[in-house]
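A quick write-up on the structure given underneath.
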Amino acid sequence: MDYRLARPFLRLIDPETAHGLAIHALGCGLAGRSREPDDPMLATRVWDLSFRNPVGLAAGFDKDAEVIDAMLALGFGFVEAGTVTPLPQPGNPKPRLFRLDEDEGVINRFGFNSKGLARFVERFKRRDRTAGIAGANVGKNRDTVDAAADYAAGIEATCEWADYLVCNLSSPNTPGLRGLQARAPIEHLVERTLEARQRCSHLARIPPLLAKVGPDLDENQLRDIAEVALAYGLDGLIVGNTTVERPASLRSRHRGETGGLSGAPLTRKAGECLAAMYRLTGGRIPIIGCGGIASGAEAYARIRAGASLVQLYSALVFHGPELVTRIKRELAACLRAGGFAGVAEAVGADHR
Ligand SMILES: Cc1cc2nc3c(=O)[nH]c(=O)nc-3n(C[C@H](O)[C@H](O)[C@H](O)COP(=O)(O)O)c2cc1C
């Protein structure tokens, strides 16, 4: 599929329908394959995993684990499927996805539309494990009271199949979810999910467990999360999710829509939040930087600010899959210009 040809057509239809068409096309093998081999200097090892490049697809694009292999074929170094909830649920009423064209931003209020864990695991199992690295991002059903039980169920069900696991604590579209980022709830949740993972200790390999946090946290909240992550032995953090803030600079007519804002308007805030989290964790656990990344220069800036890996989603909406190749090329050039032999050397360079 040539995105440049499809783009004018995709822009005429509503964004959620366009996304559904893209997933369908990808699922049918109509997507392309990146022809450019990855520059060897982009290869990096994080946890016990070898990434062929540090540029990943963020959660939310492939909520039901339907197109992991196709997205890896486009050149991503890793793909995060989900968020999946234990039981199927429809999410919020439509419309719930808005393209802010003038701002290169997106607002979504999907509210965890999910086909549920059983179907997710079924699809996840079918992926080609040699095609690249895939993570499972888990959440809770809207009406669940014992949130930790839902996360634990997600971890236990995906442990055998995923290369890494993520508890999404930061979607703004499920009532009460972001409250899980406060100190007592996150302690409880980390304990319960680590126990769930422990129940999988018979497996040949135990995947690293990460928490995904939002960019709307103040310094004290970030410190609490950093302390809990270090004290309990979380393996990593993703910083971060969409923002509920609306910068005054937004121009699109959709700027007043409720939901999480992502893409270019989030770049600065997500970068600052990442740098703060790197400082607070002292670089002791890997962080995946995410939010408003649309260029190799920004990926490089995020790595220097403390990210071991980066992810993106919204920029794909505006620039198409060719962007992945461009970012990797630019990132390799930035690393060389900075005098780094590889990604790992550059991680956190701004703090030294
Ligand atoms: C349409 C849409 C749906 C999303 N759904 C999820 C989700 O299910 N789980 C999750 O952890 N993040 C989800 N996100 C957040 C992204 O993974 C990412 O954290 C955020 O969009 C910032 O990155 P970006 O600016 O590159 O898009 C979603 C984002 C968008 C735009």
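Go through the range 116-150 and count every residue that is of a type in the set (Gly, Ala, Ser) and within 16 Å of the ligand (Cβ to nearest atom). Give the derivation first.
As a first pass, look at the range 116-150 and keep what is of a type in the set (Gly, Ala, Ser): 116, 118, 131-132, 134-136, 139, 147-149.
Those still in the list that are within 16 Å of the ligand (Cβ to nearest atom) too: 116, 134-136, 139, 147.
Counting residues in the range 116-150 that are of a type in the set (Gly, Ala, Ser) and within 16 Å of the ligand (Cβ to nearest atom) gives 6.
Take the conditions open to solvent by less than 30 Å² (accessible area, probe 1.4 Å) and not β-branched (Val, Ile, Thr) and apply them to Ser201. Does it pass?
no
In the list Thr258, Thr281, Thr267, which residue meets the criterion of being within 17 Å of the chain's Cα centre (by Cα) and polar (S, T, N, Q)? Let's see the steps before the verdict.
Working: Thr258 fails: within 17 Å of the chain's Cα centre (by Cα); Thr281 fails: within 17 Å of the chain's Cα centre (by Cα).
Just one listed residue meets the conditions, Thr267.
Can you tell me which residue is farthest from Glu345 (Cα to Cα) among those in the range 280-298 that are small (Gly, Ala, Ser) and open to solvent by less than 10 Å² (accessible area, probe 1.4 Å)? Before you say what the answer is, go through the steps one by one.
Filtering the range 280-298 down to residues small (Gly, Ala, Ser) leaves 282-283, 289, 291-292, 294-297.
Still in the running and open to solvent by less than 10 Å² (accessible area, probe 1.4 Å): 289, 291, 296.
Values: Gly289: 16, Gly291: 22, Gly296: 17 Å.
Going through the qualifying residues, I end up with Gly291.
Say whether the condition of being among the polar types (S, T, N, Q), touching a residue at least 12 places away in the same chain (Cβ under 8 Å) and more than 13 Å from the ligand (Cβ to nearest atom) is met by at least one residue in the range 32-43.
Going residue by residue through the range 32-43, those that are among the polar types (S, T, N, Q) are 34.
This time we only want the ones that are touching a residue at least 12 places away in the same chain (Cβ under 8 Å), so: 34.
In the following step, the residues that additionally are more than 13 Å from the ligand (Cβ to nearest atom) were identified as 34.
Yes, because at least one residue in the range 32-43 is among the polar types (S, T, N, Q), touching a residue at least 12 places away in the same chain (Cβ under 8 Å) and more than 13 Å from the ligand (Cβ to nearest atom).
Just for strands (runs of 3 or more DSSP E) wholly inside the range 260-341: which have at least 1 residues that are more than 11 Å from the ligand (Cβ to nearest atom)?
On the way: elements: 260-263, 287-290, 309-312.
By residue number, 287-290, 309-312.
In the range 299-352, what residues are open to solvent by 40 Å² or more (accessible area, probe 1.4 Å) and among the basic types (Lys, Arg)?
Arg304, Arg326, Arg329, Arg336, Arg352
If you check every pair at least six apart or on different chains, which have Cβ atoms under 9 Å apart with a residue in the range 50-73 that is open to solvent by less than 10 Å² (accessible area, probe 1.4 Å) and of a type in the set (Phe, Trp, Tyr) first and a residue that is modelled with pLDDT under 95 and within 15 Å of the ligand (Cβ to nearest atom) second?
none
Name the residues in the range 78-101 that are part of a loop (DSSP other than H, G, I, E, B) and either at pLDDT below 95 or open to solvent by 20 Å² or more (accessible area, probe 1.4 Å) (or both), would you?
Pro86, Leu87, Pro88, Pro90, Gly91, Asn92, Pro93, Lys94, Pro95 - these are the residues of the range 78-101 that are part of a loop (DSSP other than H, G, I, E, B) and either at pLDDT below 95 or open to solvent by 20 Å² or more (accessible area, probe 1.4 Å) (or both).
I'm told Leu222 meets every condition in (1) closer than 22 Å to Ala332 by Cα; (2) touching a Cys at 6+ places or on another chain (Cβ under 8 Å) except one. Can you identify the failing condition by its number?
Result: Leu222 fails condition (1) only.
Could you list, ordered by first residue, the pairs with Cβ atoms under 9 Å in which the first is in the range 158-182 and closer than 14 Å to Thr144 by Cα and the second is part of a loop (DSSP other than H, G, I, E, B) and open to solvent by 30 Å² or more (accessible area, probe 1.4 Å), at least 6 apart or interchain?
Thr174/Arg142; Pro175/Arg142
Between a residue in the range 97-121 that is among the acidic types (Asp, Glu) and any residue that is part of a strand (DSSP E or B), which pairs come within a Cβ distance under 6 Å, given they are 6 or more apart or on different chains?
Sorted first by the residue in the range 97-121, then by its partner, the pairs are Glu104/Gly263.
Being open to solvent by 40 Å² or more (accessible area, probe 1.4 Å), modelled with pLDDT of 95 or more and of a type in the set (D, E, K, R): is that true of Glu104 here?
yes
Of the numbered conditions (1) surrounded by fewer than 21 Cβ atoms within 10 Å (Cβ to Cβ); (2) within 25 Å of Leu230 (Cα to Cα); (3) modelled with pLDDT of 95 or more; (4) in contact with a Leu (Cβ under 9 Å, 6 or more places away or on another chain), Pro185 satisfies every one except a single condition; which is it?
Result: Pro185 passes all but (3).
Looking at (1) more than 17 Å from Cys159 (Cα to Cα); (2) buried (at least 21 other Cβ atoms within 10 Å of the Cβ); (3) within 11 Å of the ligand (Cβ to nearest atom), which is the one condition that is false for Asn113?
Exception for Asn113: condition (2).
Checking Val213 against (1) of a type outside the set (Ser, Thr, Tyr); (2) in contact (Cβ under 8 Å) with a residue 40 or more places away in the chain; (3) open to solvent by 70 Å² or more (accessible area, probe 1.4 Å), which test does it fail?
So the condition that Val213 fails would be (3).
The values are calculated or read from the model by the stated rules, or taken from the named source; none is laboratory data. Since the model is a prediction, treat every value here as computed from it, not as a measurement. Every residue, glycine as well, gets a Cβ built from its backbone with ideal geometry; the counts of neighbours run over all protein chains shown. Protein only, heavy atoms only, side chains kept; ligands, DNA and RNA dropped before computing areas. Shrake-Rupley method; radii C 1.70, N 1.55, O 1.52, S 1.80 Å.
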